[in-house]
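This report concerns only the one structure given below.
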Amino acid sequence: YETYLQLYPEGADADRVRQRLAALLATDGRPTPKAVATTDHRRREPKGEWRSGGSLSAYYMRDESYQQIADTATKTTTDIADTNLNQILSAGDLFAAYSDPNLRVKFRATGTYASDFRKNGHDVGALSALYLEASDPGQRFYGRIGRQTRSTGGVLGRFDGALASTRLTETLKLEAVVGSPVNSPRKMMVDTHRTFYGASLAFGRFRNAWDGDIYVIEQQASGHIDRRAVGAELRYVEGGRSVFGAVDYDVHFNTLNFAIVNGSWIYGDGGAFTFSLDYRKSPLLFTENALIGQPVFNLDDLRLLYSESEVQQLALDRSAESKTATIGVSQPLTKKLTFNTDVTISQVAATPESGGVPASPSSGTEYYVSTQLIGSGLFREGDIGILGLRYADTANSNIWMVDLNTRYPWSRTFRINPRLQLGYRSSKLNSGTELSARPSIRMYYTTRHRLQFEPEVGGEFLKSDTPTGQETTAGYYLNLGVRRDF
């Protein structure tokens with residue numbers, strides 16, 4: 001039932017599934033007992049159920065590199081040794097949930113803490129999620145408050161705030177959101193100088209295939225309009241075919257912020273065709289983009305230097321147009337072998353010189369081609385072997401990459417994952433070349449008590465030849481991790 005609701009969250013069928021799920025949770029999944037005669041005729045209310053779980057982990061991570069630079073002009077050699085990483089990364093993802101026939105409540109907290117052992121290193125904490133949500137079993141009313149992530153209704157990722165929705169009919173739902181964007185989970189406090197609020201109307205599921213939403217949203221920074229947009233999203237899923245489209249138009253700048261369409265079609269005996277078309281401002285358009293390259297750090301100070309119309313033009317100048325198109329095909333060759341390939345074409349437009357910020361040239365048309373031959377169960381049940389080939393024709397270089405990635409289940413509790421990447425890069429700016437090799441091996445050992453050990457060791461070897469000399473880099477990394485799921 002929970003899987004069904006993830007796939008089909010809307011509609012009368014979903015409401016019936018939620019009711020059945022609530023009944024199961026209220027009775028611990030046991031069959032309803034037969035009625036037994038009793039002298040106590042008082043009505044017995046179903047009891048609620050508490051659930052909790054999550055994971056805790058700790059990883060020791062070390063990364064060291066040694067670089068030798070030979071300058072042909074001065075005939076000198078420079079050696080550089082660096083400890084790039086030396087830390088323990090602790091992580092937790094915990095939840096607690098309560099359900100009864102009338103109410104569903106969930107609390108979730110997800111975060112990390114990095115203890116840096118390098119000289120002059122700094123310990124860093126990050127909070128990815130911290131929220132409380134509640135709804136009735138049919139989700140006629142739903143609310144969530146705290147740090148959370150959302151990618152619909154005009155919200156562009158992680159934020160601190162509140163989300164609420166109410167179902168108007170079986171196919172219409174009204175949603176409202178207010179909050180402050182979170183650029184990095186390392187920022188623990190709410191960013192009070194930037195706030196947004198918006199509303200959306202979600203519709204569907206129609207003909208058991210269509211759903212989507214339309215929205216309006218406004219964001220302010222230091223009391224100035226940072227973003228004011230309208231948009232729509234539409235999804236179609238039926239019979240092995242799916243299409244998703246989204247468009248976002250900023251009415252403050254009178255320009256299109258992004259428009260995307262992607263889809264897939266499963267055909268024959270497991271074959272699949274995928275496509276994606278993506279147009280967007282890069283970075284996405286906000287008035288605060290005008291601060292890029294400026295000697296001030298907020299819009300109040302910037303408006304002392306430029307008029308409002310000039311600030312808007314600076315924001316537009318710093319937001320380049322990015323266009324990307326991808327098509328891909330996955331085709332089973334045998335019961336154990338599958339061939340995948342995809343081609344991507346992208347282009348980032350030039351930006352003009354303005355406000356003391358120099359112009360940036362267009363990337364031109366860049367091409368990326370990737371192919372994979374995937375084998376499963378070649379030597380024993382559960383093993384996977386992937387041979388990948390990638391080619392990139394970018395503005396500055398041509399890149400070829402070979403990737404051999406395998407996973408072998410030695411036993412029910414022990415798996416090994418050796419990997420080898422080989423690369424070659426040739427520069428278009430000069431006659432420089434680069435050879436690279438990155439071997440690694442990761443192991444997984446799981447105990448009966450859901451305790452998982454994940455040791456990993458790898459290396460990197462680079463050799464670069466340029467008109468001015470030669471650079472050789474050798475390094476290694478080591479990760480020792482333990483994880484407990486409960």
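The values are calculated or read from the model by the stated rules, or taken from the named source; none is laboratory data. It should be emphasised that the depicted structure is a prediction, and the values quoted were computed from it without experimental measurement. Note that we place each Cβ from the backbone using ideal geometry, even for glycine, and neighbour counts take in every protein chain shown. Surface accessibility is based on the protein's heavy atoms, side chains included, excluding ligands, DNA and RNA. Shrake-Rupley method; radii C 1.70, N 1.55, O 1.52, S 1.80 Å.
Data overview
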quantity: Rg to Rh, two decimals, where the range 140-212 supplies the alpha carbon set and Rh follows Kirkwood; calculated: 1.05
quantity: Cα gyration tensor category, rounded, prolate or oblate, for the range 128-172 with a/c compared to 1.5; calculated: oblate
quantity: HN-Hα J in Hz across the range 168-176 - Karplus 6.51, -1.76, 1.60, θ = phi - 60°, x for Gly and Pro; calculated: 7, 9, 5, 10, 10, 9, 9, 10, 9
quantity: Protection proxy ranking of 344-351, 175-182 - average other beta-carbon atoms within 10 Å, highest first; calculated: 175-182, 344-351
quantity: Average accessible area per residue (Å²) across the range 159-257 - probe 1.4 Å, nucleic acids and ligands excluded; calculated: 48 Å²
quantity: MRE, 222 nm, helices only [DSSP H, n ≥ 4, -39500 (n - 2.57), over the chain, to nearest 500]; calculated: -2000 deg cm²/dmol
quantity: Positive-end residue of I80, G146, N102, charge dipole of the range 47-156 with Cβ unit charges; calculated: N102
quantity: Candidate residues I80, I399: accessible-area rank, largest first, probe 1.4 Å; calculated: I80, I399
quantity: Charge dipole (the range 364-435, unit charges on Cβ, about Cα centre) - positive-most of T406, L435, I386; calculated: T406
quantity: About the Cα centre, charge dipole magnitude for the chain (Lys/Arg +1, Asp/Glu -1 at Cβ), debye; calculated: 2140 debye
quantity: Links that overshoot a 29 Å alpha carbon limit, given the list K106/K173; K323/K428; K75/K428; K187/K281; K47/K187; K428/K463; calculated: K47/K187
quantity: Sum of side-chain charges, S200 neighbourhood, beta-carbon under 11 Å (Lys, Arg +1; Asp, Glu -1); calculated: -1
quantity: Principal axis dimensions, largest first and in whole angstrom, of the chain by Cα; calculated: 102, 66, 53
quantity: C-alpha long axis of helix 308-317 to longest principal axis of the chain, angle in °; calculated: 70 degrees
quantity: Nearest-10 value in Å² for the accessible area of F414, using the 1.4 Å probe; calculated: 60 Å²
quantity: Calculated from backbone phi, Karplus (6.51, -1.76, 1.60) coupling profile of the range 333-348 in Hz, x at Gly/Pro; calculated: 9, 9, 5, 10, 10, 10, 10, 10, 8, 8, 10, 10, 10, 9, 7, 10
quantity: Length-normalised contact order of the range 49-94 in % [C-alpha pairs under 8 Å, at least 6 apart]; calculated: 51 percent
quantity: Mean separation of Cα contacts under 8 Å, 6 or more apart, over the residue count of the chain: relative contact order %; calculated: 10 percent
quantity: Prolate/oblate/rounded label for the range 158-293 (Cα gyration tensor, a/c 1.5); calculated: prolate
quantity: Kirkwood-based shape ratio for the range 103-181, expressed as Rg/Rh from alpha carbons; calculated: 1.16
quantity: In degrees, nearest ten, helix 12-26 long axis to first principal axis of the chain (Cα); calculated: 80 degrees
quantity: Euclidean distance between Cα centres, the range 323-380 to the range 82-121, Å; calculated: 32 Å
quantity: Amide hydrogen neighbours beyond the local backbone of G125, cut-off 5 Å, H modeled; calculated: A114
quantity: In sequence order, calculated HN-Hα J values of the range 178-195 (Karplus, 6.51, -1.76, 1.60; Hz; x Gly/Pro); calculated: 8, x, 10, x, 10, 6, 9, x, 6, 7, 7, 8, 6, 7, 6, 7, 10, 9
